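Contents: one structure, followed by commentary.
The values are calculated or read from the model by the stated rules, or taken from the named source; none is laboratory data. Source: prediction; values computed, not measured. Glycine gets a Cβ as well: all are built from the backbone with ideal geometry, and neighbour counts include every protein chain shown. For the accessible areas, the whole protein counts, side chains as well, though only heavy atoms, and no ligand, DNA or RNA atoms are used. Shrake-Rupley method; radii C 1.70, N 1.55, O 1.52, S 1.80 Å.
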Amino acid sequence: MIGADDANLRRQLKEMVIEECGLAISAAAIDDDCDLFSPDSGLVLDSIDALQISMGLQRRFGLRIVDPKEFRRRASTVRLMAESVLDLSADRQ
């Protein structure tokens with residue numbers, strides 16, 4: 001769970017989400033544990049945004065998630081994305 005505690009990685013992931021989805025908000029506006037695709041997040045993200053986030057994760061971190069259920073499990077929150085990125089890095093070593 002080191003990724004969940006890495007504030008710099010979480011900030012990078014938030015910035016990636018903002019850039020990939022064309023959001024006009026700051027990284028601080030995204031809660032680490034909020035379901036990004038929930039109406040409660042206030043982000044109004046849809047399936048196209050999910051694809052953009054998936055592509056951003058692949059480009060920036062080498063994390064490839066092709067199964068929608070796996071994506072939901074690994075990338076529905078910033079904290080889960082951080083854990084997944086670091087899990088992938090550990091697997092490569």
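Laid out as a table, the results:
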{"item": "Label-to-label distance, nm, for residues given as A7 and C34 (7 Å Cα→Cβ offset)", "result": "1.9"}
{"item": "Kirkwood hydrodynamic radius of the chain, Cα pairs, Å", "result": "13.0"}
{"item": "Derived scalar couplings ³J(HN,Hα) [segment 67-76; Karplus, 6.51 cos²θ - 1.76 cosθ + 1.60; whole Hz; x for Gly, Pro]", "result": "7, x, 5, 5, 4, 4, 6, 9, 9, 7"}
{"item": "Between helix 47-61 and the chain: long-axis angle, C-alpha atoms, 0 to 90°, nearest 10", "result": "40"}
{"item": "Accessible area of the chain divided out per residue, in Å², using a probe of 1.4 angstrom", "result": "59"}
{"item": "Difference of contour (0.36 nm per residue) and Cα-Cα distance, I25 to R60", "result": "10.5 nm"}
{"item": "Protein accessible area in segment 28-93, 1.4 Å probe - carbon and sulfur %", "result": "51"}
